[in-house]
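Notes follow once the structure below has been shown.
Computed from the coordinates by the stated procedures, all read-outs in this text should not be read as laboratory data. These numbers come from a predicted model, not from an experiment. Cβ: placed from backbone, ideal geometry, glycine included. Neighbour counts: every protein chain shown.
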Amino acid sequence: MRPPIHTLLAARNGTQHALTSNGKRIINKQARSSLQIPQARYRHDSQVLRDIASEDNDFILSILQASPSVRDSRSYLSSFAPPPSTSVSPSTDVLPSDTTTTTTTTTTTISAESSADAAKANPLVNSLLDPILRRPALVKIQGPFTDAQLDSICRGMAHLQKLGLVSVIVVDRDDLPSTESKDRFEAQRQRAIVRHEVERVVHFLGRHRAVARPIFSTVARISETQNRTQGQNTIPGKDNGEKQAEVFVEEEGLDHVRRAVREGEIPVLLPVALDEGCRSRRISSNRVLLALASAMSGSGSGSGSSSSSTLSANAASSSSSTIASNLISASASTSASDPSTVPPNSKFDLTPVRLLIINREGGIPSYARQGLPHLSINLASEYTYITRTFLPQWRESHPTSLSNLSLANGCLAHMPKESSALVVSHRSPAAMIANLITNKPAHSASLPHSLLVESEGRITRDTPTLLRKGLPVRVLRSLEEVDQGKLTKLLETSFRRKLDKKKYYDRLRRDLDFVIVVGDYAGAAVCTLEGKGEGAEHTPAAIPALDSSSEKADNNEPICYLDKFAVHPSHQGDGTVDFLWVALRDETYGLGLLDASNPSIGSLRGVGVGRDLVWRSRADNPVNKWYFERSSGFVRTPDGRWKVFWCDAEQRLKELWREREFGGGRLVRVVEDEEKGRVERWEREIGSVPSAWAA
């Protein structure tokens with residue numbers, strides 16, 4: 001007998017039915033519940049899809065908010081974009097004498113093109129053909145954090161992974177001692193707390209579709225002896241009695257990290273190490289990070305560092321929206337790639353390119369900014385100075401700033417020169433993406449201080465601090481101290497013109513004020529004194545007397561003229577230009593203010609009276625936009641060939657504002673009485689400066 005149709009449908013759908021004597025269908029409770037599952041699953045999937053769409057929108061928006069320039073996008077794509085496709089198009093040459101060959105070739109060509117188009121349209125095939133370049137970053141999550149705060153941090157980590165940066169995370173807790181307690185039960189309690197932190201980080205990373213791998217085994221080792229070559233990994237003021245113990249990572253421990261990074265997973269590590277008695281001990285997370293930086297940087301440069309792709313020529317002239325589209329496309333290829341594309345036995349480059357320190361304090365406080373964070377730090381020039389000027393009250397509000405500064409200094413010593421460290425608050429997760437794409441601070445440190453403190457988007461306590469290895473800065477006040485050969489090479493390389501050396505250096509011998517040199521002539525600023533009058537004897541800038549008359553502008557005083565400002569092309573975009581301009585500001589128009597005190601070799605250390613700084617630039621110079629943002633004003637010369645820029649002495653402007661405040665509300669004039677005629681004099685004197693270039 002043939003079964004009823006509804007029984008067949010029930011069997012096909014996997015439900016259970018019963019027939020009554022009337023032939024009616026009765027669905028039992030189990031079947032009813034099974035029929036309701038798809039509807040509930042549909043609602044759940046819809047919510048998940050909405051969350052995914054919202055998170056993707058946030059990711060795209062964070063890239064757009066970074067506002068990368070052409071140079072920024074070129075630098076990012078050269079390090080993280082998938083390698084260019086090397087597919088060879090099939091030959092379409094046809095033998096006219098053979099009709100059969102023509103038909104076969106045409107058919108083969110169409111088939112090959114169709115296959116290529118299908119491969120391009122299929123993201124899985126595309127990811128298999130185009131393996132990505134993953135770059136690791138060392139990350140310190142310095143808790144404790146609430147669930148909402150940790151969720152925000154992990155969302156940022158997931159976004160970084162989409163952009164090709166795989167975080168190697170070491171958890172930390174400020175509310176626990178940096179070293180393990182000698183009490184066994186207390187040590188177990190502290191170990192359980194840190195282990196739970198690892199589990200929380202892995203959980204929240206998973207919520208944002210970032211695969212994480214908790215590593216509970218000991219990656220690092222402790223050696224009491226001092227005969228190893230890896231170096232001492234200690235943090236001043238943080239490790240107490242363990243300063244003599246060296247922490248290092250061997251190849252066996254590093255293999256845990258290598259496998260996770262190679263497979264696109266985020267390793268999350270405990271701050272533990274194995275001592276010489278094979279006992280696992282909890283140590284400072286800073287020491288683990290220092291050991292990882294040393295071991296990962298020495299793991300060998302494999303294909304990862306040499307297979308960086310280059311930005312195509314048409315991207316150099318693209319708009320900001322096109323740049324952002326390129327970055328998003330690169331991130332899409334990154335997130336869709338298959339880890340199986342990396343051969344298991346290949347040498348995988350683990351050299352970290354970023355150090356991220358995520359805390360609750362924000363950036364490192366600045367003595368010159370009344371406790372607000374540094375925007376960027378040149379460690380080669382400022383490390384000792386910042387440590388020395390760290391105020392006692394900051395040890396309460398920023399208790400880990402000095403140890404984090406020391407950590408960044410130690411890690412960056414092992415990392416590539418273009419690497420950077422970012423000390424960022426958990427309240428600024430978007431800053432991590434902006435730093436990855438642009439490798440720049442939140443605001444340029446060379447911008448006028450009034451813009452950084454008073455304008456919209458001003459510096460706050462949560463503003464991150466960017467740290468670089470940097471280069472030493474020197475101020476030379478005589479031509480005999482200048483290496484003329486290196487300065488000539490820098491100027492000719494930067495301006496792409498031939499210098500008339502004899503004429504130029506003869507003029508500097510007569511009119512030189514000072515030369516600021518960054519590193520081994522990676523950048524230089526040459527300032528001269530113009531308008532001294534005939535027969536006036538040149539005296540290099542010294543510390544002016546602090547009296548009321550010297551604070552007024554004098555139209556008969558020599559003009560501080562910025563004759564040359566150059567940065568070597570290989571150092572453009574790495575912060576050298578900001579370090580150079582800040583040093584220039586502190587020696588000229590910022591002199592006399594508290595924030596002009598800087599550790600540059602040969603500088604005036606902020607002691608003196610500020611002077612107006614004047615320079616000129618060709619009217620069609622693309623750098624003029626950069627000058628506009630840093631100058632007090634400019635004027636076009638009558639012939640239209642030049643723009644004359646100037647920066648007013650900030651100390652004098654401060655006095656004018658004080659007079660307005662206590663003088664019955666008198667407004668500051670656009671042109672003060674003592675400033676009348678100065679622009680005309682500047683144009684006249686600067687216009688007579690001869691060209692430094694050979695005809």
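Fully extending the segment from Arg189 to Gln572 would add 132.9 nm, taking 0.36 nm per residue of separation and subtracting the current Cα-Cα distance. Listed from fewest to most Cβ neighbours within 10 Å, the set Arg681, Arg509, Arg221 follows the order Arg509, Arg681, Arg221. Annotation: the residues Lys502, Lys532, sorted from fewest to most other C-beta atoms within 10 Å of their own C-beta, follow the order Lys502, Lys532. Computed from backbone phi with θ = phi - 60° and the Karplus coefficients 6.51, -1.76 and 1.60, the 3J(HN,Hα) list for region 608-622 is x, 10, x, 10, 5, 10, 10, 7, 10, 8, 4, 4, 9, 6, x Hz; x is used for glycine and proline. Between the amide H of Arg354 and those of Leu138, distances stay under 5 Å, these residues lying 5 or more places away or on another chain, with hydrogens modeled in the peptide plane. Once each part is reduced to its C-alpha centroid, what is the distance from region 622-641 to region 460-533 in angstrom? So the separation of the two Cα centres works out to 21 Å.
Taking label positions 7 Å along the Cα-Cβ direction at both Glu481 and Arg658, the computed distance is 3.0 nm, reported to one decimal. Residues whose amide H lies under 5 Å from that of Ser167, counting only those 5 or more places away or on a different chain, are Ala137; hydrogens are built 1.01 Å from N in the peptide plane. Reducing region 153-195 and region 396-437 to their Cα centroids gives an inter-centroid distance of 16 Å.
What the phi angles of region 430-443 give under the Karplus curve with 6.51, -1.76 and 1.60, with θ = phi - 60°, is a coupling list of 5, 5, 5, 5, 4, 5, 5, 6, 9, 6, 10, x, 4, 9 Hz, glycine and proline written as x.
Would you grab the residues whose amide H sits under 5 Å from the one on Ile364? Only those 5+ places off in sequence or on another chain, please, with H modelled 1.01 Å from N. Correct list: His374, Thr465. Here r is the Cβ-Cβ distance between Trp394 and Lys502 and R0 is 35 Å; the resulting FRET efficiency, rounded to 0.05, is 0.10. Is any residue of region 589-628 close enough, with backbone N under 17 Å, to a label point placed 7 angstrom from the Cα of Asp639 along the Cα-Cβ axis, and if so, which? Residues passing the 17 Å test: 616-621.
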